[in-house]
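Nothing in this text is a laboratory measurement; each read-out follows from the coordinates by a stated rule. It should be emphasised that the depicted structure is a prediction, and the values quoted were computed from it without experimental measurement. Note that each Cβ is placed from the backbone with ideal geometry, even for glycine, and that neighbours are counted across all protein chains shown.
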C-alpha cells in the first residue's frame, strides 16, 4: 500500500481501538432509519457504520447545512465498552458537544507517525471519559491504554451507543471536527480525513 500523506500505515502494528467480536453487522445508513438496516436482519449487538457513506439520518438542526457524507467509522456496541488508543500519543482536546445529534463527550488524540502529525477523534463517549481526561496528570497516552467508554444516548448526542472514530490530518482548534460534510466538500474531506480502516483494519 502506498503511503498516505507521508504515513505508511501498512508498516505499523496498530492496536485495537475497540475489541470488536468476530460477529458484527455492517449497517446501511443511507436510508431514513437512524439505527440502520442490515440485509437479513440483525445478527449481533455489535455493528459497523461505514466511511464515505451518504446518509439520510441526519435530521436535527445541527445538519441543516445539508451535511450528509460520513467521514468516520462508527463502531456500535454496549454502553460502557472501553475505547483504547491505537498508538502512543497524547490527548490534545476533550470536552462536551451538547447539541442534539452532536458528539456528546469527545476526546481527540495527537500522534506523530513517520514524522507526520495525525489526530484521532473519539466521539459519543460517556461523561466519565472526559472527566478522566481532565483528571490526568499529563496528556501522554500509550498504545492500548483505555481512554474512554461508549456513552448512553442521554450523554452521547442522542444516538444508539457507539464510537465515532475518525482520523484527521487537520489540526483541530477545539474539541470538535466535522464528522459529516456536504457533498460539495466531500473530495477535500476524504483527503483531510482518511479512511479509519487504515488503522482499524478491513471491517467491511
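Under a 10 Å cutoff between Cα atoms, tell me which one of 82, 161, 139 has the largest fluctuation in the Gaussian network model of the chain.
Result: 139 has the largest fluctuation of those listed.
Working out 0.36 nm times the residue gap between residue 203 and residue 26, then minus their Cα-Cα distance, what length gain in nm do you get to one decimal? Please report the intermediate quantities before stating the final value.
Working: separation 177, 0.36 × 177 = 63.72 nm, distance 0.83 nm.
Contour length minus the Cα-Cα distance gives 62.9 nm.
Take the alpha carbon gyration tensor of the chain, find the square roots of its eigenvalues, order them as a ≥ b ≥ c, and report rounded if a/c is under 1.5; if not, report prolate when a/b exceeds b/c, else oblate. Mind showing how you got there, number by number?
Numbers: a/c = 1.30, a/b = 1.19, b/c = 1.09.
In terms of gyration-tensor shape, rounded.
For q = 0.27, 0.32 Å⁻¹, what log10 I(q)/I(0) does region 60-110 give under the Debye formula with an equal point scatterer on each alpha carbon and no solvent?
For region 60-110, the Cα-only Debye profile gives -1.27, -1.25.
Sorted by average packing, counted as other Cβ atoms within 10 angstrom per residue and highest first, what order do 92-98, 118-124 take? Write down the numbers at each step before the final one.
On the way: 92-98: 17.3, 118-124: 25.7.
Going from most to least packed, we get 118-124, 92-98.
Among 193-200, 5-12, how do they line up from the highest to the lowest mean number of other beta-carbon atoms within 10 Å? Before the final figure, lay out the partial values.
Details: 193-200: 19.9, 5-12: 13.8.
The peptides rank, most packed first, as 193-200, 5-12.
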